[in-house]
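Report on the structure given below.
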Amino acid sequence: MNLTLKVWRQKNANSEGNFQDYKVAGVSEDMSFLEMFDVLNERLINEGDSPVAFDHDCREGICGMCSMYINGEPHGPNKGVTTCQLHMRSFKDGDTITVEPWRAQAFPIVKDLAVNRSAFDRIISAGGYVSVNTGNAQDANALPIGKDHADEAFAAAACIGCGACVAACKNASAMLFTSAKISQLALLPQGQAERTMRAEKMVAQMDTEGFGACTNTGACEAECPKGISLENIARMNREYYGAVLSSK
Amino acid sequence: MSWVTKTLTSSLGRKLIMAVTGLSLIAFLVVHCAINACIFLNDGGHTFNEAAEFMAHNLFIRISEVGLMAGLLIHIVDGLMLWKSNNEKRPVKYAVVKGEANSTWYSRSMGLLGSLLLIFLVVHLRHFWVVSRFTDVISGGQKTLFQEMVEVFANPIPVVLYVVGCLSLAYHLLHGFQSAFQTMGWNHPKYTPFVKCLGAGFSILIPLIFAAMPIAMHLGWIK
């Protein structure tokens, strides 16, 4: 199939960017979206042009690196997948596809389609960890954890930190990400030691990084490649209100 | 900064303010709608005037009115502040946004719907609240509140404005009702479907009853 790509090109964080049109011919429907970009980039390199910069790593939907905003949706039109798992059969011959970087004040553009998502790392550093005593690891079954809690914690922990929630949200809010990280630890006994401090510090860091507030539109949940539920945001709200009322 | 200020000015705290004031405004709508629905008894406004008279002179109601006005102002100011600050969080906008793929248009348009409601409210308060509280037209016995309604809704322009106001209210509530519960952390597989259902019913029923009032009066069904 033959496609026209409208790709956002921007030299660095401080320069002005603009859209550039590229014709890509002979695209196989079995290619992933990233492989289609590889084809384009090979051509650009051969022609002496600068290739389009984009983030990618595992290319099997688990690392959370790929981050393209395709035709008005993060990770493109399909639900529950990352850009690397989006295949060209989801498009038609002759389509024009607009590809933009994640747009958020807290995610400055590094180059072209690659953005700096270290704001997420700083939210995690603020409280997304548990205390572990030194010494031998204790017996795996020493801490009883209910199956329902384990499942809920696992569902929250499925967040790969790709930032699609921020990209989809009209307020560029990071509440789905932060709430998933708070939830996965709040639900488990290992997370109880820092529970109060965690909610307060992670929310404060989220605000400091310049993410927006939540309007509960549900766009984040709908676009999340890992199906992280809005229930996590409600849990984060409970954790936060409880924390500010009880912390010393 | 004290912990209270810090909490209430955080992104979560500001949403909590929206939720709490929003729910108190929802509670007010129930009372307002119930009293105004007395006009449907079609008794020349007799029952409605009596209820309005009670509301105007009951001490508890008058004190609550101050709280209501404060809640309304806080909801408006906090909403505008949130809208402004949220808007700044994406300085460079997307060229293509496929919002309908992931959310409802009214959940993304709460600021617009709220602004339409504000315009409606200014006119609505001028029509009835200002006349009954700050002039002696009603208290001096020149007219009853019911007669004032009949006069206002004889003109088709306020009728259209009120219907548009009710439509904005319906969509504002359709998102706002269940959203307030989510913001307060009340999301549970047992109760959330009920809250969503109740919210949808409330958002349709209350504005429908309100919209029926100017229409029925304009068409002369209620005299």
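What follows draws every value from the coordinates through simple rules; no lab data is involved. In this text the structure is predicted, and so the values were computed from the model without any measurement. Cβ placement follows ideal geometry from the backbone for every residue including glycine, while neighbour counts extend to all protein chains displayed.
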Report whether or not residue B:220 is out of contact with any strand residue (DSSP E or B) (no Cβ under 7 Å at 6 or more places or on another chain) and surrounded by 14 or more Cβ atoms within 10 Å (Cβ to Cβ).
no
So, of the residues in the stretch A:1-24 that are hydrophobic (A, V, I, L, M, F, W, C) and out of contact with any helix residue (DSSP H, G or I) (no Cβ under 9 Å at 6 or more places or on another chain), which turns out to be farthest from residue A:88 (Cα to Cα)?
A:13
Every residue from the stretch A:191-226 that is surrounded by fewer than 24 Cβ atoms within 10 Å (Cβ to Cβ), more than 8 Å from chain B (Cβ to nearest Cβ) and under 16 Å from residue B:9 (Cα atoms)
A:200, A:201, A:205, A:208, A:209
Give me the helices (runs of 4 or more DSSP H) completely within the stretch A:140-200, filtered to those with at least 3 residues that are more than 30 Å from residue B:84 (Cβ to Cβ), ordered by residue number.
A:147-157, A:175-186
Residue A:159 being within 30 Å of residue A:235 (Cβ to Cβ), crowded, with 24+ Cβ neighbours inside 10 Å, within 13 Å of chain B (Cβ to nearest Cβ) and in contact (Cβ under 8 Å) with a residue 40 or more places away in the chain:
no
Taking the criterion of being without any contact (Cβ under 8 Å) to a residue 12 or more places away in the chain, buried (at least 18 other Cβ atoms within 10 Å of the Cβ) and in a helix (DSSP H, G or I), would at least one residue in the stretch B:13-33 satisfy it?
yes
Say we look at the stretch B:89-104 and pick out the residues that are of a type in the set (Gly, Ala, Ser) and within 30 Å of the chain's Cα centre (by Cα); which of these is farthest from the other protein chains (Cβ to nearest Cβ)?
B:99
Quick one: in the stretch B:61-87, of everything that is without any contact (Cβ under 8 Å) to a residue 24 or more places away in the chain and exposed (fewer than 13 other Cβ atoms within 10 Å of the Cβ), which residue is nearest to the other protein chains (Cβ to nearest Cβ)?
B:84
Just give me the residues in the stretch A:111-138 being surrounded by 14 or more Cβ atoms within 10 Å (Cβ to Cβ) and assigned to a helix (DSSP H, G or I), in sequence order.
A:119, A:120, A:122, A:123, A:124, A:126, A:127
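Let me confirm something: among B:150, B:130, which residue is surrounded by 15 or more Cβ atoms within 10 Å (Cβ to Cβ) and more than 13 Å from the chain's Cα centre (by Cα)?
Result: B:150 is the single residue among B:150, B:130 that is surrounded by 15 or more Cβ atoms within 10 Å (Cβ to Cβ) and more than 13 Å from the chain's Cα centre (by Cα).
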Somewhere in the stretch A:33-50, is a residue assigned to a loop (DSSP other than H, G, I, E, B) and in contact (Cβ under 8 Å) with a residue 12 or more places away in the chain?
no
When the stretch A:87-129 is examined, which residues are found to be under 22 Å from residue A:218 (Cα atoms) and away from every other protein chain (no Cβ under 12 Å)?
A:117, A:120, A:123
